[in-house]
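The values are calculated or read from the model by the stated rules, or taken from the named source; none is laboratory data. In this text the structure is predicted, and so the values were computed from the model without any measurement. No Cβ is skipped: glycine too gets one built from the backbone with ideal geometry, and neighbour counts run over all protein chains shown.
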Amino acid sequence: MKESFRTFQKSVGKCSRRTTASRIVSGCTSSCRPISDLAAYWTSPAIPNSYCDMLTETISLSIKRSPSEPTATDAWRQYSVPVIAASMSVLDALMWAQRNADPSLAFRSACRVGMCGTCGVAVNGREGLACRTLVSRVIGDGEIRVEPVRHVPVVRDLVTDMSSFHAKAQAVAPNTEYAGAGTPGVFTDSRQAIQAQRECIYCG
């Protein structure tokens, strides 16, 4: 599977009919039909059959699901997900699984461009944003394992209760107030020292 995915990546690189964003490919034949972007793919009323016929490469997506009964335990569910674009993210894979395999799958997402922190999950044991984690970088041996972040309570499946995290963030007052008169100056060194903290998007 790993070697097969590499072959898929090489075929994408050879394709001479790229769009400005993402496209659906299976090799590069005269029947290839590009789409403008993944957003158009997800917002379409239905997935065109001509697109589905082109999806030849698949990945194994394992998701840690919440128990259906109060006395049951969490269980890993496996889904076979087609690679819909060279730039496919883990969030795209989750959306495909929810839309085509199991509508009961629960997860959070919002901006899809790494600005809001809503889609935080653990992928192959490492926390990160599902929308910024490319399938091609975490495919490993052909399986991607997705579970909720591990330091906050789980509401359902990949959805977590972030209220305790946000409360802790507010407790340390992560903001500054200018107490002097007039217009404050700009201190480049001071700003650089807190640059990493300024980029926090509260993903957990």
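Please go through the range 113-147 and pick out each residue that is of a type in the set (Gly, Ala, Ser) and either assigned to a helix (DSSP H, G or I) or crowded, with 21+ Cβ neighbours inside 10 Å (or both). Passing the criteria: Gly120, Ala130, Ser136. Test Arg150 against the criterion of being over 11 Å from the mean Cα position of the chain (by Cα), in a loop (DSSP other than H, G, I, E, B) and basic (Lys, Arg), and give yes or no. So Arg150 fits the description; yes. All conditions but one from (1) modelled with pLDDT of 90 or more; (2) polar (S, T, N, Q); (3) buried (at least 18 other Cβ atoms within 10 Å of the Cβ) apply to Gln78; the one that does not is (3). Only one of Ala86, Ala110 is surrounded by 18 or more Cβ atoms within 10 Å (Cβ to Cβ) and either at pLDDT below 95 or in a strand (DSSP E or B) (or both). Can you tell me which? It is Ala86. Quick one: how many residues across the range 82-109 are under 14 Å from Leu158 (Cβ atoms) and aliphatic (A, V, I, L, M)? Looking only at that region, the number is 8.
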